[in-house]
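Contents: one structure, followed by commentary.
The values are calculated or read from the model by the stated rules, or taken from the named source; none is laboratory data. Not measured: the values here are computed from a predicted model. Here the Cβ positions follow ideal geometry from the backbone for every residue, glycine too, while neighbour counts run over all protein chains shown. Each accessible area value is taken on the protein alone, full model and side chains, heavy atoms only, with ligands, DNA and RNA left out. Shrake-Rupley method; radii C 1.70, N 1.55, O 1.52, S 1.80 Å.
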Amino acid sequence: MSEECLICSAPLAYLEKDALMECAICHKKENSKTRCMKGHYICDACHTKGVDQIIGLCLGETSKDPICIMKKLMSQPFCHMHGPEHHVMVGAALLTAYKNAGGDLDLSDALLEMSNRGKSVPGGACGFWGACGAGISSGMFVSILSKSTPLAEEPFALSHKMTAAALGRIGEIGGPRCCKRDSFLSILAAIDFVEEHFGIKMEKTEIVCGYTKENNQCIGKRCPFFGER
């Protein structure tokens with residue numbers, strides 16, 4: 001069980017109310033509910049350092065399988081066991097696979113937009129907002145490919161339905177959070193959704209999680225991807 005606090009590996013603590021925190025890396029001060037048991041706070045910007053590499057990695061990808069792409073992104077040094085980097089990665093993997101599967105999309109522009117939107121969803125949204133950032137990322141994916149805006153009709157509906165489908169699968173499993181599990185659940189929901197509503201069939205491989213030993217809160221056999229059966 002190797003990763004909790006990025007500074008000292010101590011378990012994380014979640015406060016009931018916001019408190020002023022100073023990032024242990026960049027020393028920026030901001031309100032947050034999250035710190036480790038020894039008092040270290042890491043801001044989202046420092047936690048996701050290197051995440052901009054996602055765009056270049058995805059532009060060089062040829063796979064039609066967003067699960068395969070997501071696993072490659074998860075293996076990068078910028079990706080931790082948990083963290084807001086997943087809020088960008090889910091949508092980026094889906095956009096890339098959608099394009100490679102024949103979807104009509106300017107991938108470069110779409111990935112940049114996904115990065116900007118995904119970064120706006122903070123770490124801990126799953127617990128504090130009632131909406132996991134991985135699930136929201138799948139809705140952003142549909143919003144981008146359908147060119148949705150607050151004034152759109154069908155695209156507006158589709159992006160909300162996508163987010164709802166992903167969050168529904170996440171909610172069925174329950175907590176505690178696992179960014180890997182919730183990312184995979186969101187991508188699987190999106191694969192089915194896109195085939196039904198957009199006629200694009202992305203590929204889909206079986207998922208067997210290899211992160212059990214890195215997740216202090218792994219739910220074991222309750223997870224559909226648990227690898228130690």
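Here are some notes:
- Selection status of Leu94, modelled with pLDDT of 95 or more and open to solvent by less than 70 Å² (accessible area, probe 1.4 Å): yes
- Matching residues, the stretch 77-109, being more than 17 Å from Ser120 (Cα to Cα) and of a type in the set (D, E, K, R): Lys99, Asp104, Asp106, Asp109
- Filtered residues of the stretch 25-80 (kept if among the acidic types (Asp, Glu) and touching a helix residue (DSSP H, G or I) at 6+ places or on another chain (Cβ under 9 Å)): Asp52, Glu61, Asp65
- Considering residues of the stretch 30-76 that are out of contact with any strand residue (DSSP E or B) (no Cβ under 6 Å at 6 or more places or on another chain) and of a type in the set (Gly, Ala, Ser) only, the residue most open to solvent (accessible area, probe 1.4 Å): Ser75
- Which listed residue is on the phi > 0 side of the Ramachandran plot and of a type outside the set (Ser, Thr, Tyr), from Gly135, Gly118, Gly130: Gly130
- Residue match in the stretch 6-26 (condition: hydroxyl-bearing (Ser, Thr, Tyr) and open to solvent by 90 Å² or more (accessible area, probe 1.4 Å)): yes
- Beta carbons closer than 8 Å, at least 6 apart along the sequence or on distinct chains, pair a first residue in the stretch 87-102 that is without any contact (Cβ under 8 Å) to a residue 24 or more places away in the chain with a second that is of a type in the set (A, V, I, L, M) and in a helix (DSSP H, G or I) for Lys99/Leu107; Lys99/Ala110.
- Residue in the stretch 65-75 that is over 14 Å from the mean Cα position of the chain (by Cα) and in contact (Cβ under 8 Å) with a residue 24 or more places away in the chain present: yes
- The residues of the stretch 78-101 that are part of a loop (DSSP other than H, G, I, E, B) and under 21 Å from Arg181 (Cβ atoms), listed by number, are Phe78, Cys79, His80, Met81, His82, Gly83, Pro84, Glu85.
- Boolean, Val88 is crowded, with 23+ Cβ neighbours inside 10 Å and touching a Leu at 6+ places or on another chain (Cβ under 6 Å): no
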